[in-house]
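These notes concern the structure reproduced below.
The values are calculated or read from the model by the stated rules, or taken from the named source; none is laboratory data. Bear in mind the structure is a predicted one, so any value in this text is a computation, not a measurement. Here the Cβ positions follow ideal geometry from the backbone for every residue, glycine too, while neighbour counts run over all protein chains shown.
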């Protein structure tokens with residue numbers, strides 16, 4: 001596996017501690033320990049959920065492309081794009097509703113859309129790369 005990708009996987013695994021800490025933040029929000037409005041509660045939950053799911057998906061894509069014997073370069077590009085979405089999407093949810101009692105999401109909502117694009121590109125590249133590896137192995 002590409003050494004740079006191995007380092008990225010290690011950093012990603014360590015980021016799970018941050019996601020777990022985010023869970024404790026959500027507990028404080030839910031218990032009323034952190035003053036938030038309904039929009040903030042919804043977006044904080046969405047950010048936390050997307051972080052966990054996209055990190056899991058990103059790590060799965062890394063393993064699947066490696067096990068399939070996909071082209072190392074393309075496998076790394078696809079995997080990094082999926083893992084980038086695990087940063088961009090949650091960041092957009094969290095950062096777009098910062099402040100005292102926001103009525104609607106702010107400009108950081110663009111990060112969610114950028115993350116969605118990164119996710120789409122990453123899974124398409126990874127899927128095509130895995131397919132090519134499978135066809136090449138026939």
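Taking the condition of being surrounded by fewer than 22 Cβ atoms within 10 Å (Cβ to Cβ), in contact (Cβ under 8 Å) with a residue 60 or more places away in the chain and not in a loop (DSSP other than H, G, I, E, B), how many residues in region 77-111 meet it?
Count: 1.
Looking only at residues in region 120-135 that are without any contact (Cβ under 8 Å) to a residue 60 or more places away in the chain and farther than 13 Å from residue 77 by Cβ, which one is nearest to the chain's Cα centre (by Cα)?
Here the answer is 120.
Could you tell me whether region 21-35 includes any residue that is surrounded by 10 or more Cβ atoms within 10 Å (Cβ to Cβ) and closer than 17 Å to residue 88 by Cα?
Within region 21-35, one or more residues are surrounded by 10 or more Cβ atoms within 10 Å (Cβ to Cβ) and closer than 17 Å to residue 88 by Cα.
Please verify whether residue 16 is in a helix (DSSP H, G or I) and in contact (Cβ under 8 Å) with a residue 24 or more places away in the chain, treating the condition exactly as stated.
Yes: the conditions hold for residue 16.
Is it the case, given these coordinates, that residue 61 is assigned to a helix (DSSP H, G or I), under 24 Å from residue 122 (Cα atoms), modelled with pLDDT of 90 or more and touching a helix residue (DSSP H, G or I) at 6+ places or on another chain (Cβ under 8 Å)?
yes
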